[in-house]
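Novice: This structure is in structure tokens; I'll ask about it shortly.
The values are calculated or read from the model by the stated rules, or taken from the named source; none is laboratory data. Predicted, not measured: the structure shown is a model, and the values here were computed from it. FYI the Cβ positions are ideal-geometry reconstructions off the backbone, even for glycines, and counts take in every protein chain you see.
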Amino acid sequence: MARNFRRERKSAPISDLNLTNLIDLGFTLLIIFMIATPLINQEQTIPVELPAESQSRQDQPDPDTQFETITIRADGTVTLANEIVMMADLSAELETYAAMSKPPVFRIRMDQDSTAQQFISVMDALKKQRLSKITFDTQVSTQ
């Protein structure tokens, strides 16, 4: 009679859950959000007194829509994408956006004390580049 000295191996499912990868993923997401959050509010760093309007229901934009901000200040300075641009150079700066396959929607933030001529100059530069998708930022009137 021959002897078999091998042990019988029993296959048992592993019921332990490895949390190391899950913790690494959680910390990675935390770091990404900590870096991205200040960048979201970056356009609000240019202080302007927005014109007031009465409160009304607003439609939510399409989540795939890209926005770019143009800020007109009372002293006549124009800011495009958080960079100060001379009014004469605005049309040339907008050429890069006009060349895009899907140009962004331009958010116009205008100081309430800025002149109509400044607004018309910005609109003229947008019209020259055939950029017609625009929105206006306002604040809700307290009255």
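Novice: Do you know which residues across the stretch 122-134 are assigned to a helix (DSSP H, G or I) and either buried (at least 18 other Cβ atoms within 10 Å of the Cβ) or in contact (Cβ under 8 Å) with a residue 60 or more places away in the chain (or both)? Even if it seems obvious, please write down each step before you answer.
Specialist: As a first pass, look at the stretch 122-134 and keep what is assigned to a helix (DSSP H, G or I): 122-128.
Of everything in the stretch 122-134, those that are assigned to a helix (DSSP H, G or I) and either buried (at least 18 other Cβ atoms within 10 Å of the Cβ) or in contact (Cβ under 8 Å) with a residue 60 or more places away in the chain (or both) turn out to be 122, 125, 126.
Residue-by-condition table, conditions (1) surrounded by 10 or more Cβ atoms within 10 Å (Cβ to Cβ); (2) at pLDDT 75 or above; (3) more than 30 Å from residue 100 (Cα to Cα):
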{"residue": "6", "(1), (2), (3)": "no, no, yes"}
{"residue": "14", "(1), (2), (3)": "no, no, yes"}
{"residue": "24", "(1), (2), (3)": "yes, yes, yes"}
{"residue": "40", "(1), (2), (3)": "no, no, no"}
{"residue": "46", "(1), (2), (3)": "yes, no, no"}
{"residue": "77", "(1), (2), (3)": "yes, yes, no"}
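Novice: Pairs only if they're at least six apart or on different chains, beta carbon under 9 angstrom, first in the stretch 8-20 and in contact (Cβ under 8 Å) with a residue 60 or more places away in the chain, second of a type in the set (A, V, I, L, M, F, W, C) and loosely packed, with under 10 Cβ neighbours inside 10 Å; list them, first residue then second.
Specialist: none
Novice: Right, something else. For residues that are among the polar types (S, T, N, Q) and in contact with a Ser or Thr (Cβ under 6 Å, 6 or more places away or on another chain), scanning just the stretch 48-75, find the one that is modelled with the highest pLDDT.
Specialist: Looking at the filtered set, the residue picked out is 71.
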